[in-house]
Amino acid sequence: MSKSSAHGADHGTIVKRVSRRHEEDDHGGSWKVAFADFTLALMCLFLVLWVLAARDKEEATRALESGGGAVMAEISGSKIPAEGGPRGSLIDRKPMPRKGEGEGPDAIRTVPGLLNPTPLRARYDTPEQMAELAALLARLSLEAGLSANLQTFVTPHGLRIMLHDTDKEGMFQLGSAVPSQRFADMLHRMGPLLAKIQNPILIVGHTDASPYAGKDPFGQSNARLSSERAGAARSHLLRGGMPADSVLQVVGMAERAPVLPDQPLASVNRRIEVMVLTLDQAQAMTAMFGRPTQAEPLLPGLQAEQPARDALAALRDSVVAAGRQLPGFERAMAPSAEPTITR
């Protein structure tokens, strides 16, 4: 008998297949490699951003220090913001102070960028306070390398700041209102300083007596050039941070007010003057061109603003005395009940 017949019928080989799909999903490693690559790329991106921000910050700091911008940043009341995101990231961001913080008519500020801190007041009225402002401007001009181009004078009307040409360096290109780069930088430095005071500003342009070629009265002239240069100075002060409402008047005087009358072509006569007015002087200038607040009739058809009773009476008497010498004055002054009709 054969072996197969001894043990019964041959049922064949049984193969059991087991699926390992769930096992591979839970313990596979391909997604871990992809996540590691993504994390590495993200870290490289952050590292590149950090290097770029640090480089930009160093370049900005060097530029500000070379141009004196660090002093102006402190004067303007705000720090130069660092590049980057919020706190918690690799790049720090310094907070900006709140607008209006520490401001007011009695506020006293210091300028840490200078060797000797100088108080920066909100309003300058007395000659001593004007002298403090003049000293601060002198230091700024020294840092800008333009100390020979700036003169300051304390007057009863305010602080007179003269920015003028020298024989070696001019503020504007010849015959134009385009300022030189150093003079434009100086005006930009003055902008934040003038933004911190409440005194009104008067900007006046001056030229020397060099005439323009030609006799065209409607063409280019020293009067037009001085006005354009005063307007250009105002624009650069505004770019530096001075508010527009600080400027009371911008005017050009051509060659009519030379510093050296006996030398009409002297370089010092070509200048821009920035007058920091006292409050009383600014109010007087505004009253000159504003609407009269108090007026009384002086003569028929003529009114006079009332400065004082005694002064107004003296003015009326002098006008009447001078008018009596004119023919027909008495008849013009006499009141008539009925109008005279001439046929």
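Residue by residue, segment 234-243 carries 3J(HN,Hα) couplings of 4, 4, 6, 5, 5, 5, x, x, 6, x Hz when phi is fed to the Karplus relation 6.51 cos²θ - 1.76 cosθ + 1.60 (θ = phi - 60°); x denotes Gly or Pro. Taking all protein chains together and rolling a 1.4 Å probe, H164 ends up with roughly 10 Å² accessible. Between S318 and A122, residue separation times 0.36 nm minus the direct Cα-Cα distance comes to 66.1 nm.
Placing a pseudo-label 7 Å from each Cα along the Cα-to-Cβ vector at L265 and L279 gives an inter-label distance of 4.8 nm.
Whole-Hz Karplus values for segment 260-274 come out as 10, x, 7, 10, x, 9, 5, 5, 5, 6, 7, 7, 10, 10, 10 Hz, taken residue by residue from phi with 6.51 cos²θ - 1.76 cosθ + 1.60 and θ = phi - 60°; glycine and proline positions read x. Estimate the FRET efficiency between T155 and T39 by the formula 1/(1 + (r/R0)^6), using the beta-carbon distance for r and 56 Å for R0, to the nearest 0.05. In this case the efficiency is close to 0.20.
Model label sites at S180 and T13, defined 7 Å from Cα along the beta-carbon direction, differ in position by 10.2 nm. Loop-located trypsin sites (Lys or Arg not before Pro) in segment 161-269 (DSSP state not H, G, I, E or B) with no more than 13 neighbouring Cβ atoms inside 10 Å: K168, K215, R256. Rounded to the nearest whole Hz, the Karplus-based 3J(HN,Hα) values (6.51 cos²θ - 1.76 cosθ + 1.60, θ = phi - 60°) of segment 144-150 follow the sequence 7, x, 10, 5, 6, 9, 10, with x at glycine and proline. Label separation (K168 vs S30): 7.7 nm, computed from points 7 Å beyond Cα along the C-beta direction.
The values are calculated or read from the model by the stated rules, or taken from the named source; none is laboratory data. These numbers come from a predicted model, not from an experiment. Cβ atoms come from the backbone with ideal geometry, glycine included; neighbour counts cover every protein chain shown. Ligands, DNA and RNA are stripped out before the accessible areas are found, and what is left, the full protein with its side chains, is counted by its heavy atoms. Shrake-Rupley method; radii C 1.70, N 1.55, O 1.52, S 1.80 Å.
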